[in-house]
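The next block holds one structure in the form of structure tokens; read it before the comments.
Just so it is clear, none of the values below were taken in a lab; they were calculated from the coordinates. For clarity, every value in this text was computed on a predicted model and none was experimentally measured. Cβ atoms come from the backbone with ideal geometry, glycine included; neighbour counts cover every protein chain shown.
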Amino acid sequence: MTNTDTPNSHIETSIEITVNGIRLSVSANHSLIQALWKTGHPNFKSASCLEGVCGSCRIMVKYSNQPEVDMALACQSQVESGMQVVFPQYLEKESPALLNHRYQLQSSVESEQQLKAVFPEAAHCRHCHGCTVACPKGIDVEQGITLANEGKLGAAGELFINCVMCDLCTTSCPENIAPNYVALFARRTTAVNQPTPPNLANRLQALQRGELTIKY
Ligand code: SF4
Ligand code: SF4
């Protein structure tokens, strides 16, 4: 115990929340993910970086003092008494938004045409703002799609620098556009048309020669 601790400073307050329709008593002053871990519920379906993918803890959340439902990430949401949370199931496999967009990266001259060929649905953006409203990282997703459609792939990719691939924008899109994958294409095609940094090139060559091992 430190000098600043009081005798009761380690007693945790419990609050009531609802997760996927289940009432839970959890410790206050934690993020939702931390609170669920402490309660012994680390694996709500489609949740948790314990499954190895950052961005998988997307939630729909309603706080008791507000009428609307927000999209958010469970790891960034503080638990509050009375909050109601749903972990949306992953998109249906047959969803057009999850079609496997396969491509070989090409030169910047061709990348605009390639975007239209690989993501033809992007041109159908109806500017409904749904993706931007849904993004828990505050990215102007709609603007990113607009820039990509205008062939400004570098600028489009830059907008998504903080994207965690939670797919909430994809889930929200009535046109079955997957904005985060459009952005990934934009960033990849921009990167492939830049000179490779010397340190990275040296490292990759050493790996190809078998001179470096990767420790896990
Ligand atoms: S851009 Fe889409 S996938 Fe990326 S963080 Fe925002 S909502 Fe999630
Ligand atoms: S949700 Fe889809 S249609 Fe609406 S603005 Fe975003 S990309 Fe366009």
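Things worth noting here:
- Within the stretch 169-216, the trypsin sites (Lys or Arg not before Pro) that combine a DSSP coil assignment with at most 15 other C-beta atoms in a 10 angstrom radius are ARG209, LYS215.
- Reciprocal of mean inverse Cα separation for the stretch 96-192 (Kirkwood radius, Å): 13.0
- Inter-centroid distance (Cα atoms) of the stretch 122-136 relative to the stretch 181-205, Å: 27
- Working note: Debye formula, equal point scatterers on the alpha-carbon atoms of the stretch 14-86, no solvent; log10 I(q)/I(0) at q = 0.21, 0.22, 0.24 Å⁻¹ is -0.84, -0.93, -1.11.
- Between LEU207 and THR39, the contour length at 0.36 nm per residue exceeds the alpha carbon distance by 56.1 nm.
- Centre separation in Å (Cα based) which lies between the stretch 72-88 and the stretch 138-161: 28
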